[in-house]
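Asks: Got a structure here, written out as structure tokens. Questions coming.
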Amino acid sequence: MKSETIEKNYQVAKERYAALGVNTDKALEILQKAPISLHCWQADDVMGFERNTALTGGIQTTGNYPGRARNVAEVRQDIEKVVSLLGGTFRFNLHETYGEFGDKFVDRDQCETKHFTGWMQWAKENNLKLDFNSTSFSHPKSGYLSLSNPDKEIRDFWIEHTKRCRRIADAMGKYQGDPCIMNIWVHDGSKDYTVERSRYRQILKNSLDDILSEKLPNMKTCLEAKLFGIGMEAYTVGSHDFYAGYCSKNNVIYTLDTGHYEPTENVADAVSSLLLFVPELMLHVSRPMHWDSDHVTLFDDKTRDLFAEVIRANALNRTHLGLDYFDASINRIGAYIIGVRAAQKALLQALLEPLPTLRKYEDEGKWFERLALMEEEKTMPVGAVYDYFNYKNNKPVAEEYISDVEQYEKDVLSKRK
Ligand SMILES: C[C@H](O)[C@H](O)[C@@H](O)C(=O)CO
Ligand SMILES: [Mn+2]
């Protein structure tokens, strides 16, 4: 798009929003600084680099599009490409299985900071802050139960793993001068009706109490709830109720993954409730289709609602923004960019909402006026403001990035056999 067109469109949009009392320049400043945590696992279909094991834990990638990153160097190369095509601020979200373990096999209860120093240096060089995740899936000891396993030996193995991951996250946070956000998601659950629901939840609670008893100043832990997994349809130990209770009681960050709730539930509605009782939220923005299928995040109603709720609750400074999907059926670099841009557009649209007017209408019981303005908002020129954001960042505007992604596929991804 021509520079003059982008600037002209922005001026028109700016005036249109200003007429509603909204300052587009201010919204762009906030968008620029709002960090989005890029999940490492879209690059390689959640395989990691520990050893060649199948993906387990009730999650699944589908598709066999060529160009999957096969090693640490390729993930870095891909993420550098992704970031080069995006405006804004980014973090990078690593799973433990993406460590640099060398030739010797390092089991999960043996992981150490030294396996991640290469990532720490790379992140610094690329102006990224790291986030981290313990990894309980895709391991011979994963089974159906990890931290909630009645078998002490298996449970202790996962407790040790998770404690070590927290220490690694702490070292990352110290190195980068900014807390590393460490997510704990365990797949624990059961395919069929379960009698001892209470017992496993009691065990999970005890394991978490033990894990979280260590005070680590440079990291923050968050706990991710889930409704069900593949092969774990009947019961998930770490359900929403479990973690909402645990996080509220223990002042722990709750991870809200948009793919982890009943399909007709409005996940956005959880934001304002949870934030009354937990210190912060971590978002895993995903797109479930029929089930927790982890399709690429889009600028759809659910994503827009989610970001609108964060802004309406005045909670951007208490919300960590992350993505979580893994689509192996399309170009993976393109998948990252579509998802990030969708999240940024949703955040921008939320920042451009004429909130004082809407609040006033609501207070005065003017519900027709409230509904009318919310309806008009949908077709306001948010696209022109977002184009200007990318243009100002010297990044591809609108669909221009498609050809960059195609070129990278030709030059790099297609050569990975
Ligand atoms: C790979 C991630 O840990 C995983 O996607 C988790 O966050 C999740 O959402 C599991 O369904
Ligand atoms: Mn998730």
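Asks: In whole Hz, with x marking every Gly and Pro, tabulate ³J(HN,Hα) for the stretch 320-335 from phi via Karplus 6.51 cos²θ - 1.76 cosθ + 1.60, θ = phi - 60°.
Replies: With the stated coefficients, the stretch 320-335 comes to 8, 9, x, 10, 8, 7, 8, 10, 9, 9, 9, 3, 6, 5, x, 4 Hz.
Asks: Run the count for the stretch 43-188, please: Lys pairs, Cα-Cα under 25 angstrom, 8 or more apart or on different chains.
Replies: Count of close lysine pairs: 18.
Asks: Still on this structure, please answer the following. Amide H neighbours of Ile181 under 5 Å, counting only residues 5+ apart in sequence or on other chains, H built in-plane at 1.01 Å?
Replies: Residues meeting the criterion, in which the H sits 1.01 Å from N, are Phe132, Lys220.
Asks: Another one. Can you give me the long-range amide H partners of Glu353? Hydrogens built in the peptide plane at 1.01 Å from N, cutoff under 5 Å, separation of 5 or more residues or another chain.
Replies: none
Asks: Express in nm, to one decimal, how much length is gained between Gln32 and Tyr65 on full extension, taking 0.36 nm for each residue of separation and deducting their alpha carbon distance.
Replies: 8.7 nm
Asks: Calculate one ³J(HN,Hα) per residue across the stretch 203-213 by plugging θ = phi - 60° into the Karplus curve 6.51 cos²θ - 1.76 cosθ + 1.60, and present them in order as whole Hz with x for glycine and proline.
Replies: For the stretch 203-213, the Karplus curve yields 5, 4, 4, 4, 4, 5, 4, 5, 4, 7, 6 Hz.
Asks: Right, here's the next one. Between Glu369 and Ser213, what is the spin-label point distance in nm, taking each point 7 Å from the Cα along the Cα→C-beta axis?
Replies: 5.8 nm
Asks: So, one more: In whole Hz, what ³J(HN,Hα) sequence does the stretch 135-141 give by Karplus (6.51, -1.76, 1.60; θ = phi - 60°), x for Gly and Pro?
Replies: Rounded to whole hertz, the list is 10, 9, 9, 6, 8, x, 8.
Asks: What order, most packed first, do the peptides 77-87, 11-21 have when packing is the mean number of other Cβ atoms within 10 Å of each residue?
Replies: For the peptides 77-87, 11-21, the packing ranking is 77-87, 11-21.
Asks: As an exercise, use a Förster radius of 56 Å and the Cβ-Cβ distance of Glu100 and Asp25 to find the FRET efficiency, rounded to the nearest 0.05.
Replies: Plugging the Cβ-Cβ distance into 1/(1 + (r/R0)^6) gives 0.85.
Asks: Report, by chain and number, residues whose modeled amide H sits under 5 Å from the one on Asn93, excluding near sequence neighbours (fewer than 5 apart, same chain).
Replies: Under 5 Å from the amide H of Asn93: Leu38, His39, Cys40, Asp131.
Asks: Would you check the accessible area of Phe277, probe 1.4 Å, heavy atoms only, in square angstrom rounded to 10?
Replies: 130 Å²
Asks: Would you mind working out the magnitude of the charge dipole of the stretch 344-414 relative to its Cα centre, with +1 at each Lys and Arg C-beta and -1 at each Asp and Glu C-beta, to the nearest 20 Debye?
Replies: The calculation lands at about 240 debye.
The values are calculated or read from the model by the stated rules, or taken from the named source; none is laboratory data. If you're wondering where the values come from, they're calculated on a predicted model, not measured in any experiment. Reconstructed Cβ throughout: ideal geometry from the backbone, glycine too, with neighbour counts over all protein chains shown. The area values use the complete protein model at the heavy-atom level, side chains included, leaving out ligands, DNA and RNA. Shrake-Rupley method; radii C 1.70, N 1.55, O 1.52, S 1.80 Å.
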